[in-house]
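Worksheet: the structure to be examined is printed underneath.
The values are calculated or read from the model by the stated rules, or taken from the named source; none is laboratory data. Keep in mind that this is a model prediction, so the values were computed, not measured. Backbone-built Cβ (ideal geometry, glycine too); neighbour counts: all protein chains shown.
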Amino acid sequence: MGAVRNDEGFESMTTMALEASAEAVTEDTQRAPSLCEPYTDLGLVARGGMGAVRRALDRPLGRHVAVKLLHDSIGDRPDLVQRFVLEAQITGALEHPNIVPVHLLGEGADGLPCFSMKLVEGRTLRAEILDPAGLPWPSGRLDHLVQVLLKVCDAVAFAHSRGVVHCDIKPENIMVGEFGQVYLMDWGVARVINPAAFGRHDVLPPERLAAPEPSSQRVHIYGTPAYMAPEQAIGLHDAIDERTDVYLLGAVLYEMLTGKTPHSGDSLMAVVWEAASGKVVAPREQVPQLDLPEGLCLTAMKALSSLPGDRYRSVLDFRSELERHLRSLDRFPRERFAPGARVVTEGETGEAAYIIVAGRCEVFREVDGRRVTLREMGPGEVFGETAVFTEKPRTANVEALDELTVMRVTRELLIEQIGLYSHAGAFVRALAERFRQVDAQLGRLERDSMLPPGSTDGHR
């Protein structure tokens, strides 16, 4: 974990992520690493102001692990050494699929503590958010990020059940493994707010679970200013509870939506003061060019409420809102069309269906150079789904009559939602194909007779 000092007398302690980014990883030539037994050093993974994480070989088991150790200079700070040991003990006690396992707490040849943990191969959620695809997210991408956040919520909810708050949840501290694993990392500034719930008093008596405070008279803040809750930024340690982590989860969701952190500024102090003010620009105001899901924006802002009492009461309540989003129509991206704009063209491949949110559109065919209107459609109606189900060309055109807003539902989302290639999906596809064939037959009859079109849903 690293410490950042400034002229105003604040000391901000943050923890470092375990992502092996090439630009951040350089060898420490100051001294040879002092790893505890039975590990052999294999190189640097990441380094911060107070310590480093090394890749190591566990000789007896023949596996690779991550070993976290302190810099030599930290040996003169008993409070930081104690906090480092407490981090290992807290993390080791939280046995959960989404919390990185700690294997061993030991002592290096230099006399300083170090501990080993599972080496996670993958990248941080921060790297996922900064994906070159960029905002707005491609279809399904935001859903993937929300699903990652759901697993983080599981880890945090479990920690809360054991009386522990993380206090530094951020995308850099969330690892996404190569095979879908999600780990909440770096419990370096975690606090045990309920020793009775934490248990294990035979090994860790309650008096040892209190976070050690430096002896200086400075105001100390713990966490990362760009994400931290007002009570953290002000230094009100007694006010920190489960709702502080709810705020931090809201901050992660905020960055997923906007690509920006809730708090920013030209200097560390400016960021701290903004966090302390409790003011957060609403996601849709932050990036007005994006059509963000309203439900997720509201969820993020409720979690980011300045007053703890206005936030979700628990992480599980916050998690329920995320799940609600995955089940709602709000998750589908929206598109807008000006009057006269073509939405669907006859003969093209159907890659998406559309749900009308606002405005009206006209469905028509071209018959011997003549425009034949089939029907007009308005809010709540759907078009384009049959071409998606059957994977056949579209049989009609759709144009906006006035300002038209639609939700775009891709083939991938339909497959996910209704199991298009499941047994049930086979019935849907068969029905859609029969409808398309009947529609084509009626179209031929109309062209042959040149009679006005009937009421068939030829747009589908």
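Some observations on this one:
- LEU296 meets all of the listed conditions (1) in contact with a Lys or Arg (Cβ under 7 Å, 6 or more places away or on another chain); (2) in a helix (DSSP H, G or I) but one, namely (1).
- All positions within region 139-175 that are more than 26 Å from LEU290 (Cα to Cα) and assigned to a strand (DSSP E or B): VAL164, VAL165, MET175
- Residue selected from region 237-275 under the condition surrounded by fewer than 21 Cβ atoms within 10 Å (Cβ to Cβ) and of a type in the set (Gly, Ala, Ser), by the criterion farthest from TYR312 (Cα to Cα): SER267
- Check on PRO333, surrounded by 15 or more Cβ atoms within 10 Å (Cβ to Cβ), over 17 Å from LEU149 (Cα atoms) and under 15 Å from the mean Cα position of the chain (by Cα): no
Yes or no, residue by residue, for (1) under 22 Å from ALA56 (Cβ atoms); (2) modelled with pLDDT under 90; (3) out of contact with any Gly (no Cβ under 8 Å at 6 or more places or on another chain); (4) not charged (D, E, K, R):
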{"residue": "ILE99", "(1), (2), (3), (4)": "yes, no, yes, yes"}
{"residue": "GLY140", "(1), (2), (3), (4)": "no, yes, yes, yes"}
{"residue": "LYS151", "(1), (2), (3), (4)": "no, no, yes, no"}
{"residue": "ALA155", "(1), (2), (3), (4)": "no, no, yes, yes"}
{"residue": "ALA159", "(1), (2), (3), (4)": "no, no, yes, yes"}
{"residue": "ARG162", "(1), (2), (3), (4)": "no, no, no, no"}
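- Any hit, region 87-101, residues being more than 26 Å from LEU249 (Cα to Cα), surrounded by fewer than 16 Cβ atoms within 10 Å (Cβ to Cβ) and without any contact (Cβ under 8 Å) to a residue 12 or more places away in the chain: no
- Residue match in region 308-315 (condition: part of a helix (DSSP H, G or I) and crowded, with 17+ Cβ neighbours inside 10 Å): yes
- In region 283-293, residue surrounded by the fewest Cβ atoms within 10 Å (Cβ to Cβ) [restricted to those that are out of contact with any helix residue (DSSP H, G or I) (no Cβ under 6 Å at 6 or more places or on another chain) and outside any helix (DSSP H, G or I)]: GLN289
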